Each structure stands twice: as structure tokens, then as C-alpha cells.
Amino acid sequence: MDDVRAVVTGIGSCLPPDVVSNDDLSKVLDTSHEWIHSRTGIARRHVVKPGVSTGDLATAAGAAALESAGRRACDLVLLATTTPDQPCPATAPQVAARLGCAGVPAFDLAAVCSGFVYGIETASALIRSGLYETVLLIGAETYSTIVDPTDRNTAVLFGDGAAAVVLERGSATTPGAVLHTRLGSDGTRPDLITVPGGGSRAPRPGPDGPSTYFRMEGKEVYTRAVATMTASAREVAETAGWRPEEVDAFVGHQANARILRAVAKRLGLPRERVVCHMGEVGNTAAASIPLALSWAASRGDLTAGDRVLLTAFGGGLTWGSAAMTWPQVRPVTALEPASPAL
Ligand code: UT7
């Protein structure tokens with residue numbers, strides 16, 4: 001078992017076609033392109049049309065990843081998301097059925113912005129245990145359905161999108177191997193990133209009850225994100241036996257370019273190895289790391305065998321990092337979310 005690893009064999013993505021620029025937002029909110037771009041690196045984000053769901057994006061991204069891997073099926077579907085199609089049931093079984101994988105186990109994984117890295121460790125452990133051969137891991141979000149459009153502290157930050165990877169059984173020397181992962185959580189500050197109403201604690205909040213919109217204490221999250229991502233990424237790189245200067249690509253959760261550059265500086269990683277994709281898509285929570293990977297690979301910024309360090313921090317609080325090599329893979333892009341009839 002020691003040499004057995006989960007290996008990424010395919011990657012696919014789906015961004016909804018509609019784009020909202022910072023200038024568009026400054027027409028309806030007290031904000032500006034200058035403020036948003038200088039504080040975050042974000043210039044625009046994709047948003048779904050009303051009625052298009054996380055499951056629609058996840059299905060399109062999942063189909064693209066399976067095509068990229070040259071697979072028609074998988075034996076487990078994991079969907080990392082904060083914005084499921086409904087509170088009950090989970091969205092993953094519907095995605096599996098729409099992909100023609102009906103009958104395989106499928107479940108949602110809720111770790112907010114760390115969801116994809118949580119999924120990487122989960123998929124990796126299940127493959128290494130011998131229980132599963134081929135896992136489809138999808139990160140998909142429609143934050144436009146939970147942000148308060150009148151709250152400039154959050155409305156300018158988030159976007160919708162989905163991306164997915166296929167993981168299969170391989171060895172540590174196969175390009176694409178997940179070499180080491182480490183996760184963490186601190187549940188003492190759930191208030192820092194939260195949708196306070198609508199769950200079992202406040203199921204049907206009235207006008208004066210807790211909000212059913214997303215809320216974030218940005219400044220406090222910023223400080224904790226830099227410190228925690230730095231420690232987590234350093235630990236995982238060292239356990240993988242990598243010195244920071246040996247990392248070819250640093251792909252952190254795409255919340256804020258300033259956070260990623262601050263983490264890279266503390267790790268001693270050159271700025272040009274930091275993948276920054278938030279300019280085009282904003283913060284897409286659980287979808288952000290696979291979207292950034294897919295984008296960087298499509299541009300030729302990732303080549304087979306590259307040492308890639310992933311790290312995430314988000315609501316929960318949760319965090320995690322993963323050290324992997326980049327596979328020989330052709331990313332596939334779905335141009336439209338899947339229609340519910342698929
Ligand atoms: O996805 C989960 C992880 N999330 C993150 O990692 C996000 C972490 N946090 C951040 O990225 C940053 O804290 C933000 C981008 C959210 C905010 O940047 P900041 O530099 O920390 O700004 P701030 O919150 O300290 O706000 C500075 C000022 C405030 O005005 P005053 O109080 O100084 O007069 C805000 O009211 O900027 C104001 N402000 C805005 N101004 C124009 C806040 N939002 C906006 C806005 N446009 N959209």
C-alpha cells in the first residue's frame with residue numbers, strides 16, 4: 001500500500017457564460033473597480049442565470065473531467081460544495097445519475113473553501129485503501145445564490161463555477177500522484193464565515209432573525225488565512241520532501257491575490273510560481289482550486305511532472321494542503337452548464 005497513490009488522470013471545468021465586471025457592480029453598489037482590483041486582484045466573475053444550479057455546473061464539469069480522463073464511468077462521485085441544489089437530499093447522487101454513473105456511491109462534502117482539498121484527501125485515502133478504483137471529485141458553487149447583493153463587503157468577491165478531477169489508482173512516481181495531504185479545522189469561530197439562518201438552529205428566521213445570506217468578517221479571515229495557509233503548506237511541502245524553491249506551482253484557494261502572495265513570500269516561493277486565477281472568476285469557494293488548475297494547465301503553465309502545492313482556508317474554519325505532481329493531461333472545458341434534462 002505504501003507506494004499506491006491516487007493519481008489525477010483528467011480535469012474539466014464549467015463556467016457559466018454570463019460575466020459581471022467590477023464596473024457593472026459599481027453601478028449598483030458603493031464600490032469601484034479600483035477598490036476591488038487593488039484589494040483582491042478580482043476584475044470580473046461568472047454568474048449563473050436564475051434557475052441554473054450548482055448541480056448543473058457540477059454535471060457539466062464532471063462530464064468534462066471524465067472526457068479528459070478518457071473514462072465513461074467512475075465508481076464514486078464526491079461533490080465539494082457550500083451551495084447544494086437543496087438542503088435535502090445531497091446534490092451528488094443527482095449529478096452521478098445525470099452523468100450515467102447511477103448506482104455508484106455519491107455524497108456532498110461541506111468544507112466551504114477547503115472543500116476541494118478535503119475531497120483530495122478523502123478520494124486519495126479511499127483509493128489507497130483499495131475500496132475504489134476511479135473517483136470523480138467535483139468542486140462546484142453558485143455563490144450568487146447566497147451572497148447579499150446589497151452587501152459590498154461580500155457581493156464583490158464571489159463568483160459561480162465548477163471544476164472536477166478524475167483520480168485513479170497509481171504509484172508515487174506516476175505524474176499526477178497525490179503525494180501527501182494534511183487537513184485541519186477550528187470550530188470555535190463559525191461566525192467568521194457563515195450563513196447564519198436557514199439551518200436547524202434558526203430554520204425559518206423572520207425579518208428580525210439571522211440572515212439567510214452569506215456573511216464574512218473579511219479582515220479577521222485575511223489574517224488567519226495568511227498564517228494558517230503558510231503553516232499548512234510548509235508542513236505538507238516538507239513532509240513531501242520538497243524545499244519551497246522546488247515547488248513549480250503554488251495553487252492556493254483563490255480568495256485574494258494579496259493573501260496568496262503573502263503566503264508565497266513567507267514560504268520563500270518566487271512570485272511567478274503563484275497561480276492567480278481570481279482576476280477572471282472571483283472567489284469560487286470549493287471550485288476555486290480545480291478551476292485554477294484547469295486554467296493554468298490550459299495555458300501551458302503546468303507541465304507533466306511539475307511539483308504542485310495546493311492549499312486552502314475557509315469557513316468552518318477549515319484548512320488543508322496537498323502536494324502532488326502534475327499529470328500528462330488535456331483539460332476539457334464545458335461551454336454551458338448541463339441542462340436538468342441530461
Ligand atoms: O473564501 C474564504 C476565505 N476568504 C478570504 O480569505 C477573504 C479574506 N479577506 C479579504 O480578502 C479582505 O479582507 C477583503 C478583500 C474582504 C477586504 O479587504 P481589506 O483590505 O481587509 O478591507 P477592509 O475590510 O479593512 O475594508 C477597508 C475599507 C472599509 O472602509 P473604512 O471602514 O476603512 O472606512 C470598508 O468599509 O474598505 C471599505 N470597503 C469597501 N470599499 C469599496 C469594504 N468593501 C468595499 C467595497 N468597495 N466593495
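The values are calculated or read from the model by the stated rules, or taken from the named source; none is laboratory data. Because the structure is predicted, anything quoted here is derived from the model rather than measured. With ideal geometry, Cβ positions are generated from the backbone for all residues, glycine too; neighbour counts draw on all protein chains shown.
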Revision key, fill the gap. By residue number, the members of segment 191-223 that are surrounded by 15 or more Cβ atoms within 10 Å (Cβ to Cβ), free of Cβ contacts under 8 Å to residues at least 24 places away in the same chain and closer than 23 Å to residue 319 by Cα are 196
Study note, to complete from the structure: By my count, helices (runs of 4 or more DSSP H) wholly in segment 71-177 with at least 1 residues that are in the same structural domain as residue 222 (by TED's automatic domain parsing), more than 16 Å from the ligand (Cβ to nearest atom) and crowded, with 19+ Cβ neighbours inside 10 Å are none
**Study point:** Evaluation of residue 284 against (1) more than 16 Å from the ligand (Cβ to nearest atom); (2) buried (at least 17 other Cβ atoms within 10 Å of the Cβ) (one fails), failing number
**Key:** (1)
**Study point:** Test result for residue 233, in contact (Cβ under 8 Å) with a residue 40 or more places away in the chain, out of contact with any Gly (no Cβ under 8 Å at 6 or more places or on another chain) and not in a strand (DSSP E or B)
**Key:** no
Point to revise | In segment 2-19, the residues that are among the hydrophobic types (A, V, I, L, M, F, W, C) and either near the ligand (Cβ under 10 Å from one of its atoms) or surrounded by fewer than 17 Cβ atoms within 10 Å (Cβ to Cβ) (or both) | key: 4, 19
Study note, to complete from the structure: Among 185, 171, the single one that is under 30 Å from residue 129 (Cα atoms) and either modelled with pLDDT under 95 or under 21 Å from the mean Cα position of the chain (by Cα) (or both) is 185
Check your understanding: Can you tell me which residue in segment 196-233 is nearest to residue 156 (Cα to Cα), limited to those that are of a type in the set (Lys, Arg) and under 20 Å from the mean Cα position of the chain (by Cα)?
Key -> 215
Practice item. Considering only residues that are under 23 Å from residue 33 (Cβ atoms) and basic (Lys, Arg), look in segment 240-270 and name the one that is farthest from the ligand (Cβ to nearest atom). Key: 261
Exercise for review: Could you list all residues from segment 23-46 that are more than 8 Å from the ligand (Cβ to nearest atom), over 24 Å from the mean Cα position of the chain (by Cα) and outside any helix (DSSP H, G or I)?
Suggested key: 27, 28
Practice item. Kindly establish whether residue 188 is within 14 Å of the ligand (Cβ to nearest atom) and either surrounded by fewer than 18 Cβ atoms within 10 Å (Cβ to Cβ) or without any contact (Cβ under 8 Å) to a residue 60 or more places away in the chain (or both). Key: no
Review point. How do the helices (runs of 4 or more DSSP H) wholly within segment 240-342 filter down when requiring 1 or more residues that are basic (Lys, Arg), in contact with a Ser or Thr (Cβ under 8 Å, 6 or more places away or on another chain) and not assigned by TED's automatic domain parsing to the domain that holds residue 157: which remain?
Key: 257-267
Check your understanding: When both residues are 6+ apart or on different chains and their Cβ atoms are under 8 Å apart, which pairs have a first residue that lies in segment 117-133 and is under 25 Å from residue 252 (Cβ atoms), and a second that is polar (S, T, N, Q)?
Key -> 117/181; 117/311; 117/321; 118/318; 120/181; 121/181; 124/181
